[in-house]
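The values are calculated or read from the model by the stated rules, or taken from the named source; none is laboratory data. Worth saying up front: this structure is predicted, and the values here are computed from it rather than measured. Positions of Cβ are backbone-derived with ideal geometry, glycine not excepted, and every protein chain shown enters the neighbour counts.
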Amino acid sequence: MNFHDYLNRQNNEDKRAVVIHYPAKSGKTLFARRICETRKDAYLLDLQRYFLDHPELLPIHKCDLTKLQGILLSINVSESVLVVDNPDFLFNTWDEGEKDAFLYWLRVQLRSPVVTEKTMVFIIQDDELLARADFRNSHGEPRVLALNEFDAL
C-alpha cells in the first residue's frame with residue numbers, strides 16, 4: 001500500500017488518527033522523517049524531544065492521557081498532518097487501562113473537525129494491545145497498521 005495514497009484518503013474521514021507500529025530500531029523514525037520531507041502538509045513532532053525541550057511539563061511518569069491530549073491539541077502549526085514520533089516513552093509507562101483509553105480516544109473521540117482539524121499519525125513501538133487493536137476508516141482500511149504494510153512512501 002502506498003502511504004501517501006492511504007493518508008490522502010484520511011482527509012475525508014470523521015476520525016483521522018492513525019497508528020503505525022513496528023519493533024524498536026526498525027526504521028520508524030526514519031519513516032516519520034521521510035513523511036515530513038515528502039509532504040508539505042506534514043509536521044514532525046518528536047514527542048520525547050518536546051518533553052526534553054519543555055522542562056516545565058510534568059515528569060513523564062505523571063503524564064496521563066488527559067495531559068497528552070492537551071499537549072497534542074495545543075500544538076499550533078499550520079500543517080494539517082501531525083506526525084507524532086517517539087510516544088513510546090509515555091506509552092510504556094501506562095498500564096493497560098490507560099493504553100485502552102488512548103486507543104479509544106483515537107478510535108472514537110478524536111474527531112475532525114469537532115476536536116481538531118489535523119490528521120494525527122502516531123509512530124509507536126509494537127505492543128500487544130496495538131496488535132489486537134482493530135478499527136477502520138469508512139473504506140474498511142485499518143487505522144492501526146504495521147510499518148511493513150506500506151510498500152511505498
**Message:** Going through Ser78, Ser74 one at a time, which residue ends up being closer than 25 Å to Asn137 by Cβ, of a type in the set (S, T, N, Q) and loosely packed, with under 13 Cβ neighbours inside 10 Å?
**Reply:** Ser78
**Request:** Only residues that are surrounded by 15 or more Cβ atoms within 10 Å (Cβ to Cβ) and either farther than 17 Å from Ile75 by Cα or of a type in the set (Val, Ile, Thr) (or both): list them for segment 116-128, please.
**Result:** Thr116, Thr119, Val121, Ile123, Ile124, Gln125, Asp126, Asp127
**Message:** Here's a check for you: in segment 131-146, which residue that is buried (at least 17 other Cβ atoms within 10 Å of the Cβ) and among the hydrophobic types (A, V, I, L, M, F, W, C) is farthest from Trp105 (Cα to Cα)?
**Reply:** Leu145
**Message:** Among the residues that make up segment 58-71, is at least one of them under 13 Å from the mean Cα position of the chain (by Cα), at pLDDT 90 or above and closer than 23 Å to Phe3 by Cβ?
**Reply:** no
**Message:** When you scan segment 51-62, do you find a residue that is farther than 17 Å from Ile124 by Cβ, of a type outside the set (Asp, Glu), touching a helix residue (DSSP H, G or I) at 6+ places or on another chain (Cβ under 7 Å) and without any contact (Cβ under 8 Å) to a residue 12 or more places away in the chain, even just one?
**Reply:** yes
**Item:** Test for Asp53: is it of a type in the set (Asp, Glu), surrounded by fewer than 19 Cβ atoms within 10 Å (Cβ to Cβ), over 22 Å from Met1 (Cα atoms) and within 12 Å of the chain's Cα centre (by Cα)
**Value:** no
**Prompt:** What's the number of the condition Trp94 fails, among (1) without any contact (Cβ under 8 Å) to a residue 40 or more places away in the chain; (2) surrounded by 12 or more Cβ atoms within 10 Å (Cβ to Cβ); (3) not β-branched (Val, Ile, Thr); (4) not in a loop (DSSP other than H, G, I, E, B)?
**Reply:** (4)
